[in-house]
Amino acid sequence: MEMDERKAKILQAIIRNYLETGEPVGSRTISKYTDLNLSSATIRNEMADLEEMGYIVQPHTSAGRIPTDKGYRFYVDTMMEAKEQELAEVKDVLLQRQDRLEDMLRSLVKYLAKDTQYATMITAPSVQKNRLKFVQLSRVDEHSYLAVIVMEGNIIKNRLLAVEEAVDDETLLKLNMLLNTQLSGMAVQEINLSMISRMKTQAGIHSDIISNVIDAVGEVIAEDEDLQVYTSGTDNIFRYPELADQQNASQLISAFEEKQLLGNLLTGETGEDGEGPGTGIQVYIGGENASQSMKDCSVVTATYELGDGLRGTIGIVGPRRMDYDKVVGTLKTLQTKLDDIYGRKEE
């Protein structure tokens, strides 16, 4: 006798109901818990087969059934397999999205440079909310586990954890449930000593694993990764005589080769609002720029959002006599188009 899809669904329904109530489960109850639209008689026959196969047992005559250890094992293994498949699918989607996003940003920065005839730079989006969505612990080998940490913005980070004592699948499932029940939706600042102590107590002899995961979550959320900046049209600014002399040209070339400097320029807080608060567009003229190498330039920046807390910055660099009206108009149009594409909701 084999475990087919119908038997598996009935077994899962029995276990879920028993976990909720602690009472033996009858066929009439199962008929309400499955989407099979089967009669109580048919379910009783399937339950008899599951009992013969050793997955459930009848504690006494005329009572319902309860799961055996073999039934729990099937339930846990099936759940773990489904979770692993779900995680793999999420990874594939996000990797595809990341590839498309990088291609989009590279194309976008080239388009803006050609359209404005100025130098253009764009930062890759980074997560702004820094909250945890979920953690998935998976076994690599007997003493190594992979912690897949997913933050708001669907940013995925992996950390390999070493453990002294191996854990079985059921314990691993319980640890995953404990981690996600306590940490899902939390910012790193909200994870306090009391919470950690409570989780370690609940984890018992596996408290070291909980400590390692929490350390990994803290590192992932707090880490200061290198900012990715895409540039195009650097040679455009040398069309203007005031920027083309040897000293200015050398400074500007150095600035555009220094990614961190560009990142600071794009994300800096100095300067005056070009379009008023809340518009996401800023104009820095000459000495208002944070970078001395840009003192003879004007820089117009705009934020863009791709939903789920992902935000980046676009910058247009030109002479102080740049066509501000055109540049600001272009950036506003671009913001609108990105909103349409990614469906960002206004707050």
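Go through the range 11-65 and count every residue that is part of a helix (DSSP H, G or I) and of a type in the set (A, V, I, L, M, F, W, C).
At the first step, the residues of the range 11-65 found to be part of a helix (DSSP H, G or I) are 11-21, 27-33, 40-52.
Okay, now just the ones that are also of a type in the set (A, V, I, L, M, F, W, C), so 11, 13-15, 19, 30, 41, 43, 47-48, 50.
Qualifying residue count for the region: 11.
Looking at residue 286, is it touching an Asp or Glu at 6+ places or on another chain (Cβ under 9 Å), assigned by TED's automatic domain parsing to the domain that holds residue 114 and either modelled with pLDDT under 70 or more than 21 Å from residue 116 (Cβ to Cβ) (or both)?
no
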Query raised in the report: Hey, does the range 46-58 have a residue that's more than 17 Å from residue 8 (Cβ to Cβ) and either out of contact with any Ser or Thr (no Cβ under 6 Å at 6 or more places or on another chain) or outside the structural domain of residue 9 (by TED's automatic domain parsing) (or both)?
Result: yes
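Quick grid of which residues meet (1) closer than 22 Å to residue 177 by Cα; (2) free of Cβ contacts under 8 Å to residues at least 24 places away in the same chain:
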site	(1), (2)
21	yes, yes
32	no, yes
44	no, yes
55	no, no
Query - strands (runs of 3 or more DSSP E) wholly inside the range 123-177 containing at least 3 residues that are at pLDDT below 80 - result: 155-162
Query raised in the report: Out of (1) more than 25 Å from residue 107 (Cβ to Cβ); (2) modelled with pLDDT of 75 or more, what's the single condition that is false for residue 232?
Result: (1)
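With the structure loaded, tell me whether residue 177 is exposed (fewer than 15 other Cβ atoms within 10 Å of the Cβ) and closer than 21 Å to residue 73 by Cβ or whether it fails that test.
Values: exposed (fewer than 15 other Cβ atoms within 10 Å of the Cβ): yes; closer than 21 Å to residue 73 by Cβ: yes.
In short, yes.
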Query raised in the report: Of all residues in the range 44-69, which are modelled with pLDDT of 90 or more and either within 25 Å of residue 145 (Cα to Cα) or hydrophobic (A, V, I, L, M, F, W, C) (or both)?
Result: 47, 48, 50, 53, 56, 57, 66
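The values are calculated or read from the model by the stated rules, or taken from the named source; none is laboratory data. Quick caveat: nothing in here was measured; it's all calculated off a predicted structure. Here Cβ is always computed from backbone atoms with ideal geometry, including for glycine, and neighbour counts include all displayed protein chains.
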